[in-house]
Amino acid sequence: MPPREQAREELRQKIIAGARALLSEIESAEFSMRALAAKAGVAHMTPYNVFGSKQAVLLAVLDADMAEFARAVQERHVADPLAELYEVVGLCAEFWFSDPLFYKTLYRELLDLKGTPHQALATPLRDGFWRQLTHALADRGHLQTFVAEAPLAMNLRRITLQAISVWIARDLSKREVEAELGYSISLALLGVTVPASSSRVLTRLMNYQAILVEAGARDG
């Protein structure tokens with residue numbers, strides 16, 4: 001990489017690291033490009049010059065986190081795609097609760113007031129992760145032949161974002177967040193998996209449902 005490009009990439013990574021640190025310390029309303037510049041130790045216009053907008057910075061932070069998440073999934077070495085999908089469910093909860101303020105602040109910034117995901121959240125890295133999962137499900141014979149992989153991948157991604165929105169809005173435990181996500185994903189898979197796989201999905205669904213029913217009874 002030419003020195004000029006390398007210097008720009010180093011500056012870009014410095015700003016992303018600063019944004020990650022800032023999001024772990026403050027509430028959504030306090031995140032600004034000026035605060036980011038101060039945290040990253042750069043001139044106040046530098047984040048704009050490098051990224052162009054606050055949303056672009058936040059999406060870069062999300063991409064970096066998504067890459068880390070994908071590596072964590074790979075390190076689990078789960079051979080069966082259906083089992084891997086449920087590993088993803090559990091890993092989502094692990095990641096989110098490892099730094100709740102960071103994830104809640106990040107997604108508050110990236111979701112509009114109605115809780116609807118911005119279209120920008122479907123950029124290739126994030127969309128590609130779910131496409132790989134659904135392709136593996138189809139390739140290993142878990143999905144019925146009529147199922148189109150791309151719409152299913154999009155639906156699973158939306159379900160995950162919805163689970164984050166519920167977590168932001170309500171004071172859920174890690175166990176409840178995992179159940180919320182796992183239950184919704186199981187419902188989505190139940191009608192599109194082959195009989196042998198759908199029986200496994202149903203077992204998962206019933207386990208998640210029991211947790212949600214218990215939580216609902218406790219909350220009145």
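Computed values, structure above
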{"quantity": "Exclusive hit being part of a helix (DSSP H, G or I), in contact (Cβ under 8 Å) with a residue 40 or more places away in the chain, of a type outside the set (F, W, Y) and touching an Asp or Glu at 6+ places or on another chain (Cβ under 8 Å), set A136, A153", "calculated": "A136"}
{"quantity": "Condition check for G18: surrounded by 14 or more Cβ atoms within 10 Å (Cβ to Cβ), not assigned by TED's automatic domain parsing to the domain that holds P100 and not hydroxyl-bearing (S, T, Y)", "calculated": "yes"}
{"quantity": "Residues of segment 92-107 classified as more than 10 Å from the chain's Cα centre (by Cα), surrounded by fewer than 22 Cβ atoms within 10 Å (Cβ to Cβ) and of a type outside the set (K, R), total", "calculated": "7"}
{"quantity": "Count of residues meeting criterion [surrounded by 13 or more Cβ atoms within 10 Å (Cβ to Cβ) and out of contact with any Asp or Glu (no Cβ under 9 Å at 6 or more places or on another chain)] in segment 39-66", "calculated": "18"}
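The values are calculated or read from the model by the stated rules, or taken from the named source; none is laboratory data. The structure displayed is predicted, hence computed values, not measured ones. In this analysis, Cβ positions are derived from the backbone assuming ideal geometry, glycine residues included, and neighbour counts consider all displayed protein chains.
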